[in-house]
Amino acid sequence: MDEHEQPRHRVVVIGAGFGGLFATKALKNAPVDVTLINGTAYHLFQPLLYQVATGILSEGEIAPPIREVLKRQKNAKTLLGTATHIDPVAKRVDVVAPGVAYSVEYDSLIVAAGASQSYFGKNEFADFAPGMKSIDDALELRGRIFGAFELAEIETDPAAIDRLLTFVVVGAGPTGVEMAGQIAELAHRHLPGQYHNIDPRQARIILVDALPTVLSTFGDHLSTEALRQLHKLGVEVELSTKVVDVDESGIEVETDNGRRRIESSTKIWAAGVAAPALSVQLAQATGAETDRAGRLKVNPDTTVPGHPEIYAVGDMMALDQLPGVAQVAIQSGRHAAGQIKKRLAGQPTGQPFKYFDKGSLATISRFSAVASVGRFHFAGLLGWLLWLVVHLLYLVGFKNRVTAVLHWFVSFIGRGRSERVATFQQVFARRALQEYQEKLP
């Protein structure tokens with residue numbers, strides 16, 4: 001570099017989810033050097049994790065490598081690691097990766113670290129009821145779901161068979177509804193005829209939620225339609241039902257009629273999200289406030305109060321009661337990138353982030369979904385077609401779209417599941433990962 005040449009503006013982006021990835025791509029032609037830090041080497045299309053868990057898609061189809069996605073963006077580089085500490089005074093991010101720790105300095109910072117699963121203070125539930133936030137979660141659940149049918153086939157105790165063939169999904173939001181619907185389709189449509197000693201159609205799929213409705217954010221009409229479709233699939237829906245305990249062989253729930261136990265070997269947790277630890281650390285370092293979920297209360301332009309160089313976007317920000325959905329992350333990430341470009345161009349900044357709601361979607365079974373788009377509500381086949389188009393649109397990479405369509409064709413038109421491979425390692429690796437993470441500095 002010439003001694004008179006000014007160094008380029010350094011932008012560090014934490015997280016390669018929807019917010020971080022789209023913020024990075026929005027800076028493609030800006031006079032900046034972007035460093036994208038992520039705990040994995042791939043971008044995860046989280047809304048389709050349940051399809052990995054139920055054998056429809058492979059993990060590679062919803063998780064393209066970040067380097068491949070950004071290979072034509074010359075001003076961006078990717079670093080593997082988990083950001084553990086942000087120093088707003090030194091303008092430095094401390095990062096850890098397997099066997100190494102390092103730091104990255106920034107001029108502007110976009111924090112898009114996403115959200116983690118919340119067990120409402122009962123984190124021990126995670127050992128028995130995995131969430132749906134990562135590829136590891138989805139592969140573990142795939143092993144547990146398909147493994148339950150295999151173990152039931154060789155079991156001789158009727159009580160044990162019933163326990164193995166009882167699947168409990170906690171949380172009746174989009175993820176829980178989609179998960180329950182797909183397990184029901186497995187049991188009633190895809191697996192019958194493949195076992196000699198059990199009938200998969202005898203499986204019980206129970207959807208539990210403390211709220212009085214399913215898909216509560218979709219409105220009464222679509223909520224009622226979703227409930228009708230779930231019942232049609234054979235899903236037992238238990239609403240106004242609070243989970244009070246979870247262990248290896250079952251789950252305890254509480255209703256107005258008292259407390260009771262559901263014997264179940266496979267439990268899936270799809271209820272509640274919480275901000276990551278980095279959100280709390282950044283709040284302490286900057287003096288910013290957080291909401292009950294730990295999300296940062298940001299200014300209208302998504303900057304952290306008192307720090308116009310730091311942006312918190314997506315699931316990490318608390319602003320105008322915006323939901324934790326992909327479109328909020330995408331649009332807020334792009335907004336933060338736009339603010340940085342304006343500041344470097346000498347243009348006024350501070351414009352408030354305006355979210356354009358493109359609607360909410362949830363699929364219940366093949367050819368059946370519900371969609372809420374502004375004043376319009378769709379259910380059944382029309383809702384499913386809209387779901388199909390939207391998810392294809394946001395799948396990153398042409399190859400991913402093609403293979404996803406092929407696997408959807410196999411699953412929705414035929415009676416097969418393309419990805420039923422599961423290993424003991426996937427099922428039992430959670431404890432090893434926890435022990436590894438506990439050793440990190």
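Every read-out reported here was derived from the displayed coordinates using simple, explicitly stated rules and does not represent laboratory data. Everything numeric in this text was worked out from a predicted model, so none of it was measured. Every residue, glycine among them, receives a Cβ derived from its backbone with ideal geometry; neighbour counts consider all protein chains shown.
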Problem - Solvent-free Debye scattering, log10 I(q)/I(0), computed from the Cα coordinates of the range 280-414 at q = 0.15 Å⁻¹ - result: -0.85
Handout entry: Under the Debye formula (equal points on every Cα, no solvent term), log10 I(q)/I(0) of the range 95-144 at q = 0.22, 0.27 Å⁻¹
Key = -0.93, -1.03
Handout entry: Kirkwood Rh, Cα atoms: Rg over Rh of the chain
Key = 0.98
Handout entry: Amide N of the range 111-133 lying under 19 Å from the label point, which is placed 7 angstrom from the Cα of residue 254 along Cα→Cβ
Key = 119-126
Fill in the blank from the handout: In whole angstrom, the spacing between the Cα centers of the range 144-167 and the range 325-343 equals 47
Practice task
Check each of the GluC sites (Glu not before Pro) in the range 176-269 and keep only those in coil by DSSP with at most 14 other C-beta atoms within 10 angstrom; list them in order.
Solution key: 248
Handout entry: Centre separation in Å (Cα based) which lies between the range 244-302 and the range 372-436
Key = 24
Completion exercise
Checked against the positive end of the charge dipole of the chain (+1 on Cβ of Lys and Arg, -1 on Cβ of Asp and Glu, about the Cα centre), the farthest of 164, 246, 192 is 192
Problem - Rg ratio (alpha-carbon, reference 2.2 N^0.38 Å) - the range 1-108 - result: 1.21
Exercise for the section: Starting from the Cα gyration tensor of the range 339-421, take the square roots of the eigenvalues, sort them a ≥ b ≥ c, and report rounded, prolate or oblate (rounded when a/c is under 1.5, otherwise prolate if a/b is larger than b/c, else oblate). Expected result: oblate
Fill in the blank from the handout: Ranked from fewest to most other Cβ atoms within 10 Å of their own Cβ, 154, 161, 62 fall in the order 154, 161, 62
Fill in the blank from the handout: When 179, 317 are ranked with the fewest other C-beta atoms within 10 Å first, the list becomes 179, 317
Practice task
Grab the eigenvalues of the alpha-carbon gyration tensor for the range 89-208, scale each by 5, take roots, and send me the semi-axes largest first in whole angstrom.
Solution key: 41, 15, 13
Handout entry: Label-point separation in nm, residue 413 to residue 240, each point 7 Å along Cα→Cβ
Key = 4.6
Practice task
Give me the number: length gained by fully extending residue 292 to residue 435, i.e. 0.36 nm times residue separation minus the C-alpha to C-alpha distance, one decimal in nm.
Solution key: 48.7 nm
Problem - Sorted by Cβ neighbour density within 10 Å, fewest at the top, the residues 407, 231 - result: 231, 407
Exercise for the section: Classify the range 234-304 as rounded, prolate or oblate, taking a ≥ b ≥ c as the square roots of the eigenvalues of its Cα gyration tensor: rounded when a/c is under 1.5, otherwise prolate if a/b is larger than b/c and oblate if not. Expected result: prolate
Problem - Label point distance in nm, residue 87-residue 261, each placed 7 Å from Cα along Cα→Cβ - result: 5.3
Practice task
Grab the beta carbon distance between residue 420 and residue 71, set R0 = 41 Å, and tell me the FRET efficiency rounded to 0.05.
Solution key: 0.80
Problem - Förster-model FRET efficiency, 56 Å R0, residue 202 and residue 8, C-beta, rounded to 0.05 - result: 0.30
Handout entry: Theoretical FRET efficiency, 1/(1+(r/R0)^6), r = Cβ-Cβ of residue 381 and residue 103, R0 56 Å, to 0.05
Key = 0.60
Exercise for the section: Would you pull out the residues with amide H under 5 Å of residue 43's amide H, same chain only if 5 or more places away, H placed 1.01 Å from N? Expected result: 66
